[in-house]
């Protein structure tokens with residue numbers, strides 16, 4: 001990860017365990033959502049672990065709301081691909 005320059009606030013990236021703790025979503029589901037294109041990793045650690053940006057929390061919450069409304073994952077993925085989510 002590049003070093004922030006003077007006056008720049010470093011952005012917070014979240015490990016998968018932090019995402020799990022904040023959302024209650026399992027590690028496997030987060031992995032599946034990443035591989036399927038519902039969310040994206042921002043970076044990887046030198047060891048290859050995924051790091052996620054803060055925006056994924058809002059995306060995951062919207063996905064959960066849509067699922068509760070009866071939308072399928074296929075329908076949700078289409079909304080993402082169309083830039084509507």
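All of the numbers you see were taken from the coordinates with simple rules; none came from a lab. Predicted model only: the values in this text are computed from it and were never measured. Methodologically, a virtual Cβ is constructed for each residue, glycine included, from the backbone with ideal geometry; neighbour enumeration extends over all protein chains shown.
Arrange the following residues from fewest to most other Cβ atoms within 10 Å of their Cβ: 59, 11.
The fewest-first ordering by Cβ neighbours comes to 11, 59.
I need to check one value: relative contact order of the chain, counting alpha carbon pairs closer than 8 Å and at least 6 residues apart, in percent.
Dividing the mean separation by the residue count of the chain yields 26 percent.
Arranged by the count of other C-beta atoms within 10 angstrom, fewest first, what order do 84, 62 take?
84, 62
Based on Cα positions only, what radius of gyration and what Dmax would you give for the chain, in angstroms?
14.3, 48
With springs connecting C-alpha atoms under 10 Å apart, model the chain as a Gaussian network and identify which of 18, 68, 58 has the largest mean-square fluctuation.
68
For the pair residue 45/residue 84, report the inter-label distance in nm, with labels modelled 7 Å from Cα in the Cβ direction.
3.8
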